[in-house]
Amino acid sequence: MPNKPENRQDKNQGMNWIRPEKRLAIYLRDGLACCYCGLSVEADAKLTLDHLKPYAKGGKNDPGNLVTCCHRCNCIRGTRPWRTFAAHAAAYINHGVTAEAIITHIRRTIRRTLDTGSARQLIAQRGGFTAALNPSPTA
């Protein structure tokens with residue numbers, strides 16, 4: 001019998017902590033782009049999910065605490081407060097977006113309803129989660 005994870009950090013490592021259709025539904029809700037810097041799948045962003053209240057600090061895995069984030073922003077943010085990181089992101093993307101605009105965007109984004117049914121259907125139609133993220137599927 002395999003060993004059970006001893007703590008919540010070990011239990012939820014990798015991509016298996018969230019169902020693929022829920023992950024895709026969050027990505028779709030967020031426009032398939034990082035909520036901090038705006039990098040999108042069309043620009044080859046490696047998307048991840050970011051906990052607004054970090055998981056390591058007791059944050060939950062519910063959609064209101066999760067936003068789409070590129071790998072770069074997720075690594076740079078760490079466990080800093082997301083509002084503080086928004087100012088940092090605005091400075092490094094340096095194309096006129098303010099921290100306030102990023103914060104407003106995130107607040108609006110997390111209020112949107114998830115459509116897991118459409119995400120599930122897209123995964124089935126395209127033959128898997130990774131294929132569903134492809135901005136130009138082959139016919």
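The values are calculated or read from the model by the stated rules, or taken from the named source; none is laboratory data. Predicted model only: the values in this text are computed from it and were never measured. A quick note on method: Cβ atoms are made from the backbone with ideal geometry, for glycine too, and the neighbour counts reach across all protein chains shown. Remember, those area values only see protein heavy atoms, side chains included, never the ligands or the DNA or RNA. Shrake-Rupley method; radii C 1.70, N 1.55, O 1.52, S 1.80 Å.
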- Message: Using the basic label-point model (7 angstrom from Cα toward the beta carbon), what is the Gln121 to Asn61 distance in nanometres?
- Response: 2.6
- Among Ala25, Ala87, Ala56, the residue with the largest mean-square fluctuation in a Gaussian network model of the chain built from Cα contacts under 10 Å is Ala56
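Can you give the accessible area per residue of the chain, in Å², using a 1.4 Å probe?
Working: 8260 Å² over 139 residues.
That works out to 59 Å² for each residue.
Could you size up the charge dipole of the chain around its Cα centre, putting +1 on the beta carbon of Lys and Arg and -1 on that of Asp and Glu, and report it in debye to the nearest 20? Let's see the in-between values first.
Numbers: 21 positive and 10 negative charges, 90 e Å.
About 440 debye.
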- Item | Karplus 3J(HN,Hα) series, Hz, for the range 38-53 with 6.51 cos²θ - 1.76 cosθ + 1.60 (x for Gly, Pro) | x, 4, 10, 4, 4, 9, 6, 5, 8, 7, 9, 10, 10, 7, 4, 9
- Potential extension, Ile76-Tyr92 segment - 0.36 nm per residue separation minus Cα distance: 4.7 nm
- Query: What is the set of long-range amide H partners of Lys53 at a cut-off below 5 Å, with H atoms built 1.01 Å from backbone N?
  - Reply: none
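Does the chain classify as rounded, prolate or oblate by the C-alpha gyration tensor (a ≥ b ≥ c root eigenvalues; a/c under 1.5 gives rounded; else a/b over b/c gives prolate, otherwise oblate)?
Note, shape of the chain comes out oblate.
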- Task: Give the carbon-plus-sulfur fraction of the accessible surface of the chain in %, rounded to a whole number; probe 1.4 Å, heavy atoms of protein chains only.
- Result: 51
- Query: Cys70's amide H: which non-local residues (gap 5+, or another chain) put their own amide H closer than 5 Å, with H modeled 1.01 Å from N in plane and none for Pro or chain starts?
  - Reply: Cys34, Cys35, Tyr36, Cys37, Thr48
